[in-house]
Amino acid sequence: MSVAPQIRAHAGAPIRVQLIDDSAVVRGLTRRWLSGHPDIDLTVVSADGMQGVADAIKHKPDIIILDVEMPRMDGLEALPHLRRAAPKAKIIMASTLTHKGANVTIQALSKGATDYLPKPEANQLGGAEAYRDALIGKVRLLGRAEEAARPSPAPMPLRPVSMKPNDAPRPEIKIPATPSLRKPPPRWTKPQVIVVASSTGGPQALQTVLPELCKKTDLPILIVQHMPPTFTAILADHLNATCRHTVREGQEGERVTNGHVYIAPGGYHMAVKGSAANCTITLNQDAQVNFCRPAADVLFNSAARTYGAAITALVLTGMGSDGCQGIATICDQGGRSFIQDQQSSVVWGMPGSVFNAGLAHSVHPLNEIADAIGKSLHGV
């Protein structure tokens, strides 16, 4: 699990949290973890989905942490009842890193869950500092509307990568005091590939955008979605069922071809190499970039080297600023950048960092992105 920067506590009314989990160990540890944070109030703890629905009706929490596998009523079955019981609550699915857990989690995200959190097995939770920190961070991020809407700062210094090892460093990009849309490249180049970055809220966004985008073009699409192993494979399976393109995890040495969508496998950076006419995928487990592996910057920078100006990039909802530096490289090469707008994003960190850096050519609500990109592919 990637360890992201911690989100600081805020003044004001504490975030009201409901935990629904059948494990007494998990309930006890979570209570201990959250009790030391005055901005978080563990309002109610429920032992299964059926009790959780009744408690949600009574307490109306801001955040619901929902276990996947429980007796009487499991997380997937409880989800629609919880959405009716507490319609304003953000629901975080807590799932083990198993094929079954990943499959149920992806289904839950498509049915209205806000986010997910891979959790260790109960006998490994005692030392799970990364899980604890991620849990607290997600509660704070999703429990405060102003936090989720805040754009992440662009990485500093912000500099496009050079195209060749011996090239002089590219000039640093100055962050504008008042952000605005970037002017289109002076010369239109027919795109040959689309690259996409997404994180928090990304699976839901991809399930909306990707099937429509595949109707607009036959171009290959390469995606980095911040997810652990197993989860990315299950996500690819679910998207493959709804898209005209073939959707699967990218494989080492695989040639990038039209009519295919390649998702970076969890735990691996995915990059491309070669030329636009003969491009292949390469995978590695190098150090995390932007606290992530896979990282969008790795894919975006390699795609800019391979395709030059013939590239369209899209940054969807997500926490942090991954993709911003890669977008700088793509824009430097003459490519086009699109981002999801603030209102339709679960978290506007990643797209907001691109906008604040003055690197977004176009900003659109989620349901308009496919049309906008489709038109741009024909020079409109």
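The values are calculated or read from the model by the stated rules, or taken from the named source; none is laboratory data. Since this is a predicted model, take the numbers as computed values, not measurements. Don't worry about glycine lacking a Cβ; one is built from the backbone with ideal geometry, like all the others, and counts go over all protein chains shown.
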Contact list, first residue from the stretch 92-113 and farther than 16 Å from Gly201 by Cβ and touching a residue at least 24 places away in the same chain (Cβ under 8 Å), second anywhere and of a type in the set (Lys, Arg) and crowded, with 23+ Cβ neighbours inside 10 Å, beta-carbon distance below 9 Å, six or more apart or interchain, is Ala94/Lys119; Ser95/Lys119; Thr96/Lys119; Leu97/Lys119; Gly101/Lys119
Could you figure out which of (1) basic (Lys, Arg); (2) touching a helix residue (DSSP H, G or I) at 6+ places or on another chain (Cβ under 7 Å); (3) buried (at least 22 other Cβ atoms within 10 Å of the Cβ) isn't true of Lys273? (3)
Here, strands (runs of 3 or more DSSP E) confined to the stretch 264-380 with at least 3 residues that are in contact with a Lys or Arg (Cβ under 9 Å, 6 or more places away or on another chain) and free of Cβ contacts under 8 Å to residues at least 24 places away in the same chain are none
Under 6 Å between Cβ atoms, which residue pairs at least 6 apart in sequence (or on different chains) link something in the stretch 43-68 that is within 14 Å of Ser23 (Cα to Cα) with a partner that is among the hydroxyl-bearing types (Ser, Thr, Tyr) and part of a strand (DSSP E or B)? Gly52/Ser46; Val68/Ser95
I need the full set of residues from the stretch 25-36 which are closer than 23 Å to Arg144 by Cβ and either under 26 Å from the mean Cα position of the chain (by Cα) or of a type in the set (D, E, K, R) (or both), in order please. Thr30, Arg31, Arg32, Trp33, Leu34
Mind checking whether some residue in the stretch 174-192 is modelled with pLDDT of 90 or more and closer than 28 Å to Ala233 by Cβ? yes
